[in-house]
Amino acid sequence: MDRAAEILTAARRKGGPLAERLPLPSRPTTPAEAEAIQRAVVAKLNDRIAGWKVAVSPEFGVMRGAILASRMFPSGAVVDAALMPGLGIEAEIAFRCDRDLPPRGNDYSDAELRDAVTGLVGIEIVDSRFREGAAIPAIERAADFMSNGGFVVGPLRNDWRNTELSALAVSVHINNRAVIERQVGGHSSGDPFAPFVALANALRVGSGLFIGQVVTTGTYMGVVRAKPGDRVEVVFEGFGRADVTLS
């Protein structure tokens with residue numbers, strides 16, 4: 001695990017992709033091993049985990065990727081594109097923890113978790129440390145923060161509970177030109193809150209979640225590729241928008 005962390009840390013520092021997979025003895029086989037590698041990378045980078053991206057896999061169950069504090073940006077930020085050269089753009093709904101959700105013996109209920117968070121629009125910037133990221137097995141990509149390069153936090157919506165999140169229409173604009181226009185209900189889980197519930201209950205037997213952490217729960221429209229110099233805006237109709245400039 002430590003060797004895998006050394007390789008992934010070096011790739012993040014140098015900014016260059018890995019030509020090959022991780023060495024066979026260092027490849028994770030479970031979400032717990034992938035998370036252990038992630039936490040080791042965070043420590044080696046002298047960073048901290050400001051949030052998580054989450055997906056629920058039929059094969060591996062709840063999979064999570066750390067979002068580094070140094071890669072969390074407010075809407076409107078100008079971000080160095082060289083930090084995340086893959087520049088994959090995903091329009092997402094995320095949730096900010098308004099109080100700690102610590103480890104405990106029994107599951108958190110849906111209602112309990114809804115009371116503990118605030119919804120928001122986010123932009124995930126997808127970037128892989130592997131040159132052929134799409135060809136790498138999902139559990140191995142999980143060790144690489146599930147290919148997270150950064151995350152843009154949009155305005156908070158305190159009234160999010162009154163919105164049918166599964167039916168939101170989303171548009172993506174690059175340099176004021178629509179590249180995806182009004183795609184409706186594209187989230188793979190239907191309700192984007194369901195993966196948050198799954199993650200909170202997976203982490204209740206581990207680190208837990210903490211006040212201020214942001215959890216993003218998956219794209220509504222797949223991945224759109226941007227270029228250095230682009231201004232990207234995602235709009236969830238009737239809910240909110242977020243934007244970032246990739247300098």
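Below is a table of values for the structure above.
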{"read-out": "Sequence-distant residues sharing a close amide H with Leu45 (under 5 Å, placed H)", "value": "none"}
{"read-out": "For the chain, built as a Gaussian network whose Cα springs stay under 10 Å, the top-fluctuating residue of Val117, Val42, Val179", "value": "Val179"}
{"read-out": "Long-range amide H partners of Ile180 with built H, under 5 Å", "value": "Val172"}
{"read-out": "Chain lengthening between Asp159 and Thr30 when straightened (0.36 nm per residue, less Cα-Cα)", "value": "42.8 nm"}
{"read-out": "Region 37-87 versus region 109-138: alpha-carbon centroid distance in Å", "value": "8"}
{"read-out": "GNM top mover of Ala32, Ala134, Ala40 - the chain, alpha-carbon springs below 10 Å", "value": "Ala134"}
{"read-out": "Sites matching GluC sites (Glu not before Pro) across region 96-154 that sit in DSSP coil, with at most 16 neighbouring C-beta atoms within 10 Å", "value": "Glu132"}
{"read-out": "Per-residue HN-Hα couplings for region 151-163 [Karplus 6.51, -1.76, 1.60; θ = phi - 60°; Hz; x = Gly/Pro]", "value": "8, 9, 9, x, x, 6, 10, 5, 9, 4, 5, 8, 9"}
{"read-out": "Helical contribution to [θ] at 222 nm, DSSP H n ≥ 4, -39,500 (n - 2.57), averaged over the chain, rounded to 500", "value": "-6000 deg cm²/dmol"}
{"read-out": "Chain lengthening between Arg39 and Thr118 when straightened (0.36 nm per residue, less Cα-Cα)", "value": "25.9 nm"}
{"read-out": "In order through region 47-62: 3J(HN,Hα) via Karplus (6.51 cos²θ - 1.76 cosθ + 1.60), integer Hz, x for Gly, Pro", "value": "10, 9, 8, 9, x, 9, 9, 9, 9, 10, 9, x, 8, 10, x, 6"}
{"read-out": "Spacing of the two label points (7 Å from each Cα toward its C-beta) at Asp107 and Ser207, in nm", "value": "2.4"}
{"read-out": "Efficiency of FRET from Cβ geometry, Ala167 and Ala82, R₀ 41 Å, rounded to 0.05", "value": "0.65"}
{"read-out": "Loop-located GluC sites (Glu not before Pro) in region 1-104 whose Cβ has at most 15 other Cβ within 10 Å (DSSP)", "value": "Glu20, Glu59"}
{"read-out": "Theoretical FRET efficiency, 1/(1+(r/R0)^6), r = Cβ-Cβ of Gln183 and Arg3, R0 35 Å, to 0.05", "value": "0.25"}
{"read-out": "Set of region 195-230 residues, backbone N closer than 15 Å to the point 7 Å along the Cα-Cβ line of Ala69", "value": "210-214"}
{"read-out": "Leu18 long-range amide H proximity, modeled H, under 5 Å", "value": "Phe130, Arg131"}
{"read-out": "Volume of the Cα convex hull of the chain, divided per residue and given in Å³", "value": "114"}
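Read the figures in this text as sums done on the coordinates, not as results from a lab. Bear in mind that the values here come from a model prediction, so they are computed numbers and not experimental data. Note: ideal-geometry Cβ built from the backbone for every residue, glycine included; neighbour counts use all protein chains shown.
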